[in-house]
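What follows is a single structure, written as structure tokens, with notes after it.
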Amino acid sequence: MTEATTRQCALELEALPSRIQQVRRIVAAQLRYWRLEPLIDNTLLGITELLANVHRHARPDKKCQVELTYISGWLTVAVADSDPRLPRVREFEPLATCGRGLAMVVSMSDSWGTEAVPHGGKVVWFTLRAEAPAPRRSLAEPLSAAVRKAVLRPTVAVAPAPAPARKPARMPEVALV
């Protein structure tokens, strides 16, 4: 897949536990089709948490749309619903059994946000950077040196590339049966 290629997938559903499992299977298959296997786990975690929030909190109904967009090495996952209340990351106790879903999305994604939309609802989104393929190790370099380089590479000194700007948009309606 070339970096300039744009891929999109959109689903419309009611955020019920049985539907959430269906969406997870569909999204995993779509990411495999796009050859983005390394993003599957974090994408499914994020979608599960966002759909659980729709199921738990959205009013007046549980209808929502899920949109995946892959462009220029970035996967953006957006969940839109008709509830205008914007979610916020809350403080939670270390042993709390609920209330940490959005914090997990924030911690595992490269960026995230919420947007009010004109028709009275909202979109909650997160982005994930597709990993570049691992560089090939030189045959002249011992494996232990290559491993040390990978482990000792400074990670805080390098700022992540900015995520592409997310524009609120009306998602195409694709009904899940």
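The values are calculated or read from the model by the stated rules, or taken from the named source; none is laboratory data. Computed from a predicted structure; not experimentally measured. All Cβ positions, even for glycine, are placed from backbone atoms using ideal geometry, and neighbour counts span all protein chains on display. Keep in mind that these areas ignore ligands, DNA and RNA; they rest on the heavy atoms of the full protein, side chains included. Shrake-Rupley method; radii C 1.70, N 1.55, O 1.52, S 1.80 Å.
Output yes when any residue across segment 113-126 is closer than 24 Å to R35 by Cα and modelled with pLDDT of 90 or more, and no when none is. First the steps, then the outcome.
Keep residues of segment 113-126 that are closer than 24 Å to R35 by Cα, which gives 125-126.
Restricting the remaining residues to those that are modelled with pLDDT of 90 or more gives 125-126.
Yes; the residues of segment 113-126 include at least one that is closer than 24 Å to R35 by Cα and modelled with pLDDT of 90 or more.
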Considering only residues that are among the β-branched types (V, I, T) and part of a loop (DSSP other than H, G, I, E, B), which ones fall in segment 105-127? V117
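Is it the case that A28 is modelled with pLDDT of 95 or more and open to solvent by less than 60 Å² (accessible area, probe 1.4 Å)?
Numbers: modelled with pLDDT of 95 or more: yes; open to solvent by less than 60 Å² (accessible area, probe 1.4 Å): yes.
Here the answer is yes, as A28 does meet what is asked.
Which is under 12 Å from the mean Cα position of the chain (by Cα) and either surrounded by 13 or more Cβ atoms within 10 Å (Cβ to Cβ) or not hydroxyl-bearing (S, T, Y) (or both), of L36, L45, L86? Walk me through how you get there before you give the answer.
On the way: L36 fails: under 12 Å from the mean Cα position of the chain (by Cα); L86 fails: under 12 Å from the mean Cα position of the chain (by Cα).
Exactly one residue qualifies, and that residue is L45.
Just for strands (runs of 3 or more DSSP E) wholly inside segment 1-81: which have at least 1 residues that are of a type in the set (K, R)?
Details: elements: 6-14, 63-71, 74-81.
Passing ranges, in order: 6-14, 63-71.
If you check W34, W74, which single one turns out to be touching a Pro at 6+ places or on another chain (Cβ under 9 Å) and at pLDDT 90 or above? Give the derivation first.
Values: W34 fails: touching a Pro at 6+ places or on another chain (Cβ under 9 Å).
On inspection, the qualifying residue turns out to be W74.
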